[in-house]
Amino acid sequence: MTIQIHPNKEGFYNEFGGAFIPESLKPAINELRENYLKIIESKEFTNEFIGLLKDYVGRPSPLYYANHLSNKYQTNVFLKREDLNHTGAHKINNTIGQILLAKYLGKKKIIAETGAGQHGVATATVCAKYGMECKIFMGALDIKRQAPNVGRMRLLGAEVIAAESGTKTLTDAVNEALNEWTISSHDTFYLLGSVVGPHPYPDIVTRFQSIISKEISKQIEEKTGKNYPDVVIACVGGGSNAAGAFYEFLNNENVTLIGAEAAGKGINTNYHAATLTKGKTAILHGSNSVVLLDENNQIADSYSISSGLDYPGIGPLHAHLAQTKRAKYIAISDEEAISAANVLMKKEGIIPALESSHALAVLDKVKFNRNQNVVINLSGRGDKDLETFLENIQ
Ligand SMILES: *Cc1c(COP(=O)(O)O)cnc(C)c1O
């Protein structure tokens with residue numbers, strides 16, 4: 001089966017994707033679908049996007065040869081340093097792209113969902129820069145658990161709106177944000193945080209994050225003489241940093257692609273977010289993909305020590321890559337992630353995000369050869385996770 005890097009006109013990667021939305025959302029989605037490629041591919045947009053990535057985000061992010069990790073694991077380990085971006089993770093690549101898309105579509109206001117608050121902060125950041133009114137929907141429970149990010153969003157001028165329905169977490173925030181969008185889409189843009197949701201969002205976010213692998217290709221050539229690595233590893237929540245890190249190499253069969261999903265307290269417990277290991281085909285948030293379901297075939301509650309991976313779904317591109325076996329997905333437990341983070345801290349002097357630590361832990365699970373070049377996408381920094389690390393690491 002050939003790999004579909006982009007979805008077809010209806011938004012499908014083979015059987016996965018699409019836009020399963022209520023009638024009331026169709027005008028908003030249609031406007032986006034009919035215009036996004038024209039805008040993203042225009043010279044004016046590209047120049048503005050690339051300029052901001054350079055001067056505002058600080059790109060290109062370095063590709064760092066981690067010599068102590070390389071010695072320990074007896075292979076060549078390179079870290080793609082998305083943790084050094086403004087706001088501390090890869091999420092800003094996407095929010096910069098989408099705020100520009102909103103501007104080119106003539107929208108004046110932004111709404112977004114957020115779980116742990118990382119996407120909310122990245123969205124509030126670009127809204128401040130572009131002077132756009134910003135409403136962030138966040139589960140009432142998450143607002144309590146993620147006080148520092150709520151504070152950041154407010155300082156940046158955003159209004160944080162509590163989603164009081166259901167479990168009062170991310171899924172409810174998405175539902176309430178979508179409801180708000182149905183009544184406001186004439187002047188409001190919905191800024192979505194990962195490669196999930198109805199078409200064309202998975203494709204939009206993949207294209208904006210593809211800057212990661214485009215840079216890897218150039219940087220690895222400077223370091224090794226070859227414009228591709230042998231292996232790329234990235235963690236997957238919704239799957240945006242992984243989609244960005246894989247993109248340029250999807251049709252290069254010399255490159256092994258590995259996604260690390262959250263095994264939480266174990267894939268045989270009810271406390272994990274190992275969607276591709278344990279999930280089934282179902283529709284969630286507007287697209288057909290692989291989803292964690294409970295015994296009654298309802299969407300299950302996911303769990304991970306890292307809030308960014310704590311999502312019961314996954315983007316349709318990854319469901320496609322898993323089904324075609326183009327990429328391999330490995331489940332990493334909380335404990336394995338913490339242990340891998342500890343190695344990076346002590347051996348390389350870098351405190352990674354808990355999410356990224358799942359990607360690092362693949363080095364303990366898969367043996368690579370001495371002469372292989374392995375790139376790990378370090379999706380974010382660990383400042384937000386200090387408390388968890390301090391509780392778990394001596
Ligand atoms: C949000 C987040 C993730 C997970 O999101 P993806 O869309 O799967 O990339 C991973 N790492 C960090 C640091 C994050 O903030």
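Just so it is clear, none of the values below were taken in a lab; they were calculated from the coordinates. All values reported here derive from a predicted model rather than from experimental measurement. As a convention, Cβ positions derive from the backbone with ideal geometry for all residues, glycine included, and neighbour counts pool all protein chains shown.
Quick look at the values:
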quantity: Residue tally, condition within 16 Å of the ligand (Cβ to nearest atom) and touching an Asp or Glu at 6+ places or on another chain (Cβ under 9 Å), over segment 97-117; calculated: 5
quantity: Residue in segment 309-318 that is away from the ligand (no atom under 15 Å from the Cβ), over 30 Å from E391 (Cβ atoms) and touching a residue at least 40 places away in the same chain (Cβ under 8 Å) present; calculated: no
quantity: Segment 377-394, subset in contact with an Asp or Glu (Cβ under 6 Å, 6 or more places away or on another chain) and not aliphatic (A, V, I, L, M), residue nearest to S213 (Cα to Cα); calculated: S379
quantity: Residue in segment 149-164 that is under 20 Å from V126 (Cβ atoms), under 17 Å from the mean Cα position of the chain (by Cα), surrounded by 24 or more Cβ atoms within 10 Å (Cβ to Cβ) and polar (S, T, N, Q) present; calculated: no
quantity: Test result for S357, hydroxyl-bearing (S, T, Y), touching a residue at least 12 places away in the same chain (Cβ under 8 Å), assigned to a helix (DSSP H, G or I) and within 16 Å of the ligand (Cβ to nearest atom); calculated: yes
quantity: Residue match in segment 16-29 (condition: touching a strand residue (DSSP E or B) at 6+ places or on another chain (Cβ under 8 Å), of a type in the set (S, T, Y) and in contact (Cβ under 8 Å) with a residue 24 or more places away in the chain); calculated: no
quantity: Which listed residue is within 27 Å of A319 (Cβ to Cβ) and not hydroxyl-bearing (S, T, Y), from P22, P60; calculated: P22
quantity: Pick from segment 146-165, criterion without any contact (Cβ under 8 Å) to a residue 12 or more places away in the chain and of a type outside the set (S, T, N, Q), ranking: farthest from K129 (Cα to Cα); calculated: A147
quantity: Criterion (surrounded by fewer than 16 Cβ atoms within 10 Å (Cβ to Cβ), farther than 30 Å from G131 by Cβ, in contact (Cβ under 8 Å) with a residue 12 or more places away in the chain and hydroxyl-bearing (S, T, Y)) met by exactly one of Y13, Y65, Y73, Y56; calculated: Y65
quantity: Residue within segment 333-351 that is outside any helix (DSSP H, G or I), surrounded by 22 or more Cβ atoms within 10 Å (Cβ to Cβ) and within 15 Å of the ligand (Cβ to nearest atom) present; calculated: no
quantity: Yes/no for K91 being closer than 22 Å to M138 by Cα, in contact (Cβ under 8 Å) with a residue 60 or more places away in the chain and away from the ligand (no atom under 13 Å from the Cβ); calculated: no
quantity: Residue within segment 156-169 that is assigned to a helix (DSSP H, G or I) and under 23 Å from S356 (Cβ atoms) present; calculated: no
quantity: Count - residues of segment 117-144 that are crowded, with 22+ Cβ neighbours inside 10 Å and of a type in the set (G, A, S); calculated: 5
quantity: G266, sole failed condition from (1) over 19 Å from G380 (Cα atoms); (2) touching a strand residue (DSSP E or B) at 6+ places or on another chain (Cβ under 6 Å); calculated: (2)
